[in-house]
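A short write-up of the structure that comes next.
Please treat every number below as a calculation from the coordinates, not as lab data. It should be emphasised that the depicted structure is a prediction, and the values quoted were computed from it without experimental measurement. When we count neighbours, we look across all protein chains shown, and the Cβ atoms used for this are built from the backbone with ideal geometry, even at glycine.
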Amino acid sequence: MKIRVGYRIDYECTQRTPMLLMLRVHPSRENDLHGPDDIRSTPALPVQTYIDGFGNLCSRLVSPAGLLSLTTDAIIESSPVQDLTMPDAQQIDAGLLPSENLVFLLGSRYCETDKLSDIAWSLFGKTPLGWQRVQAICDFVHAHIRFDYMAARATKSAFDVFHEREGVCRDFAHLAVALCRCMNIPARYCTGYLGDIGVPKDDSPMDFSAWFEAYLDHRWYTFDARHNRPRIGRVLMARGRDAADVPLSNSFGVVTLRRFEVWSDEVA
């Protein structure tokens, strides 16, 4: 199955502004691309790339004052099979986890394990270990939070989401990630494209999506607390401890978002 992915994002910069961007398909999916998904800018600017500590492909540029337009349009090969489910996947004792995964047990900017630990154990302490515990967390988060674009804010954390009970996809992911970590299950935040493929079309404007991965049986599995069902056509862009590690853009100056369009559509 082929999927056309891309975006157009316009910023108004009040002055010369350095920017960091995470707007490329993840290196793990590079061989699936039919051609590059390079960032094109108007005005045309040199773009440097590097790999960060989480293995994400990052870009950097310096925008002049005025309007900056960023766009890409690419075709990627994707499996027509839904996200893998493995109900018998076992939880690994924290003392036996690979050292590189321990960071995904710790609290982070948006996932306050210290504030949520008692809540997590009271809710999930009697659930079966492994996949069924992660699924129980997803079921809870999916039922507990009302999706609302107007409830989004940059400072909202997992603890806030738990109490406010409304948010966007990143809030669903943050709360699920935090609860998994409280239960000694490594979990990492993911962002990327997720079009309406194999499901009824959503009339809301297309946006980037957030989900998470949990480490069970010595591998990472995809979970999605917002949709809470296996999906087709997920295209990873970046992974991290939470959204603070994988912002779509990070500007070192005052910028205003003027236009935001995203597409992820199956190619007939």
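A few comments on the model shown:
- Sorted peptide list for 149-158, 240-249, 187-196, 67-76, criterion being average Cβ within 10 angstrom, highest first: 187-196, 240-249, 67-76, 149-158
- Over the chain, DSSP H runs of length four or greater, each weighted -39,500 (n - 2.57), average out per residue to a 222 nm ellipticity of -5500 deg cm²/dmol.
- Computed over neighbours whose Cβ is under 10 Å from that of GLY192, the net charge equals +3, Lys and Arg +1, Asp and Glu -1.
- Sequence-ordered 3J(HN,Hα) estimates for region 18-30 from the Karplus curve with 6.51, -1.76 and 1.60 and θ = phi - 60° stand at x, 9, 10, 10, 10, 10, 10, 4, 4, x, 5, 10, 4 Hz, glycine and proline given as x.
- Cα gyration tensor shape of region 24-85, rounded if a/c is under 1.5, else prolate or oblate by comparing a/b with b/c: prolate
- Potential lengthening between ASP139 and ARG153 on full extension [0.36 nm per residue; Cα-Cα distance subtracted]: 2.7 nm
- Under 5 Å between amide hydrogens, built in the peptide plane, is the criterion, and for SER249 it picks out MET22 among residues at least 5 positions away or on other chains.
- Rounded to the nearest 0.05, the FRET efficiency derived from the C-beta distance between LEU96 and ASP52 at R0 = 22 Å is 0.20.
- Semi-axis lengths (Å, descending) of the ellipsoid that matches the C-alpha gyration tensor of region 94-245: 23, 17, 15
- Label-point gap, in nm, between TRP121 and ASP202 - each point 7 angstrom along Cα→Cβ: 3.5 nm
- Surrounding net charge for ILE145, when Lys and Arg each add one and Asp and Glu each subtract one, Cβ distance under 15 Å: -1
- Simple spin-label estimate for ALA44 and HIS218 in nanometres, 7 Å along Cα-Cβ: 5.1 nm
- Distance (nanometres) between label positions extended 7 Å along Cα→Cβ at ARG16 and THR85: 5.6 nm
- Within the chain, all pairs of alpha-carbon atoms sorted by distance into 5 Å bins from zero give the percentages 1, 6, 12, 16, 18, 17, 14, 9, 5, 2, 1, 0.
- By average C-beta atoms within 10 angstrom, highest first, the peptides 222-232, 38-48: 222-232, 38-48
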